[in-house]
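The values are calculated or read from the model by the stated rules, or taken from the named source; none is laboratory data. Here the structure is a predicted model, which is why all the values come from computation and not from measurement. Here the Cβ positions follow ideal geometry from the backbone for every residue, glycine too, while neighbour counts run over all protein chains shown.
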Amino acid sequence: MQDKHLFEYAVLRVVPKVEREEFLNVGVILYCKGLKYLGVCYHLDINRLCAFSGALDITEIGEFLRAFEVICRGGEEGGPIARLPLAERFRWLTATRSTIVQTSRVHSGFCIDPAETLEHLERQLVL
């Protein structure tokens, strides 16, 4: 297992009505300390989201998800959170919150290529 690295991930979810606790998986965020990787991918299936809840603001959800991308990339564009070290950014992005875009509990595993693992998780959990 020398070439495998511990990674952590959480599923991004759209929760139209927080009080009902119903959600639709839309993406995945993955952090791998050993390879200094933090990435996110998401897929907004507008028809599926509208069928799930007709009252959603798809543009607003897209903006929230793009914020995850900007923070993962790091740098000035993402503000003070994006300038934090990778682990702190991941913890901030996966912190429990009561908003329309939430994350699941954090799960872990081992991988060789975190970007490939992220794509695999997206196919498995979102698409």
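If you filter segment 1-30 down to residues that are loosely packed, with under 15 Cβ neighbours inside 10 Å and free of Cβ contacts under 8 Å to residues at least 60 places away in the same chain, you find that the one that is farthest from the chain's Cα centre (by Cα) is Q2. Among residues of segment 115-127 that are closer than 14 Å to Y37 by Cβ, those with a beta-carbon under 6 Å from a residue that is of a type in the set (G, A, S) at least six positions away or on a different chain give the pairs L118/G39.
Just wondering, is there one or more residues in segment 72-83 that are surrounded by 14 or more Cβ atoms within 10 Å (Cβ to Cβ) and under 19 Å from R13 (Cβ atoms)? Scanning segment 72-83, I find at least one residue that is surrounded by 14 or more Cβ atoms within 10 Å (Cβ to Cβ) and under 19 Å from R13 (Cβ atoms), so the answer is yes.
Against the definition (closer than 29 Å to K4 by Cβ and either out of contact with any Asp or Glu (no Cβ under 6 Å at 6 or more places or on another chain) or of a type outside the set (A, V, I, L, M) (or both)), how does A51 come out, yes or no? No: the conditions fail for A51.
Here E76 meets each of (1) of a type outside the set (S, T, N, Q); (2) in contact (Cβ under 8 Å) with a residue 40 or more places away in the chain; (3) farther than 30 Å from R20 by Cβ; (4) in contact with a helix residue (DSSP H, G or I) (Cβ under 8 Å, 6 or more places away or on another chain) with one exception, condition (2).
Condition check ((1) within 14 Å of the chain's Cα centre (by Cα); (2) in a loop (DSSP other than H, G, I, E, B); (3) at pLDDT 95 or above; (4) of a type in the set (S, T, Y)) across all residues:
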residue: E63; (1), (2), (3), (4): yes, no, yes, no
residue: G78; (1), (2), (3), (4): no, no, no, no
residue: F90; (1), (2), (3), (4): yes, no, yes, no
residue: R97; (1), (2), (3), (4): yes, yes, no, no
residue: G109; (1), (2), (3), (4): no, no, yes, no
residue: A115; (1), (2), (3), (4): yes, no, yes, no
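The set of residues in segment 31-55 that are surrounded by 12 or more Cβ atoms within 10 Å (Cβ to Cβ) and of a type in the set (V, I, T) contains only V40.
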